[in-house]
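So the structure is just underneath, and the comments pick up after that.
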């Protein structure tokens, strides 16, 4: 297949290291995984985008280069400024559709439907697939429904994500995959609890702190603190920091894996219907059980009583910690190996994309390289180079 994909037109992939934006990591894994399987993948993004695929920057300079840029972009209330990132997206999207119409791509894969749906209905012969990374609130659902056409298909990242929009034309549910070679198994835990995620109210950091205090356990808090949530940190987290409750900030995945491996349990007291929590799969891959609130995709990711416990309150989370030794850490690892690996995820995307395009020619890496060389030679002969 010839696949074109993108995340954002204003943000390079990978994102700057101080930006926490999980859709980019997932999108990179999918794109590089499909390319490794022999498909010709072109990833669209601004300058600085660097993947093991074909990359098309369209000579666009990134709008966002740091976490500060990202937060300013998200927090601005100026109407024109809110349109700016969308216009960056549209510039990339327009080029993708125009080139697909010329036969350069068999299918277009987007990570944010709102960036492309305005074009998709204008190109009814082009197969368009959207990955839904976010919660489908009423405004988002209504916007998507306004622009539907038969050539557009959706991939949910959990079945729970579909509850508020059950009538969309879903092609599949594909769970996010994680790198089990990075998040490796450890059979012996130390006596500390772990929270890993953004420091925002909906992630339930305050509740994790309350649980740690009630159990008299050590708690390590790892994650990005957006400037927009500084008030939350100052009011609900900072007053309780001590030698037993520590905030370690945003760390790289290699360091994160080490903390997962030794944790007694990962606490996930989420306060919203999260479509998929990568931290749960990452922790279980390391052998660490998960204790999570019964929200969003949690019942699909955690096997209650087998790879952790699903609870409904901080009180029952405290009770679950007291019986965490009942969980066999090897069962946690096995569960991830069977359901949440990169290989599982990429193979599922390959099957779905192949079913939605009329051209199903699978290219070996050698053939992909040959096609690229022929394209360069052709451009030289026509005077484009």
Listed residues 158, 347, 355, most fluctuating in the chain (Gaussian network, C-alpha, under 10 Å):
355
Comparing 186, 286, 332 in a Gaussian network model of the chain (Cα, 10 Å), the one with the largest mean-square fluctuation is 186
Rounded to 10°, Cα long-axis angle of helix 205-215 versus longest principal axis of the chain:
30 degrees
Using the C-alpha atoms of the stretch 2-50, what convex hull volume per residue, in cubic angstrom, is computed?
66 Å³
Neighbour-count order for 54, 274, 114, fewest beta carbons within 10 angstrom listed first:
114, 54, 274
Cα axis of helix 79-101 to longest principal axis of the chain: angle in degrees, 0 to 90, nearest 10?
50 degrees
With springs only between Cα atoms under 10 Å apart, run a GNM on the chain and tell me which of 127, 227, 297 wobbles the most.
227
First measure r as the distance between the Cβ atoms of residue 246 and residue 338, then evaluate 1/(1 + (r/R0)^6) with R0 = 25 Å and state the FRET efficiency to the nearest 0.05.
0.15
What ratio of Cα Rg to 2.2 N^0.38 Å holds for the stretch 192-339?
0.95
Give or take rounding to whole Å, what are the principal axis extents of the alpha carbon atoms in the chain, in descending order?
72, 46, 40
For the chain, what is the calculated [θ] at 222 nm in deg cm²/dmol (nearest 500), taking -39500 (n - 2.57) for each run of four or more DSSP H residues and dividing by its residue count?
-11500 deg cm²/dmol
What number does the stretch 29-69 give for Rg over Rh if you use C-alpha atoms and the Kirkwood radius?
1.07
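If you average 1/r over every pair of different alpha-carbon atoms in the stretch 84-150 and take one over that average, what Kirkwood value in Å do you get?
Taking the inverse mean of 1/r over all distinct Cα pairs, the stretch 84-150 comes out at 12.4 Å.
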What is the distance, in nm, between label points placed 7 Å from the Cα along the Cα-to-Cβ direction at residue 315 and at residue 143?
4.0 nm
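Values quoted throughout were computed directly from the atomic coordinates according to the rules given, and no laboratory measurement underlies them. Since the structure is predicted, the reported quantities are computational estimates derived from the model, not experimental observations. Using ideal geometry, Cβ is built from the backbone for each residue, glycine included, and neighbour counts are taken over all protein chains shown.
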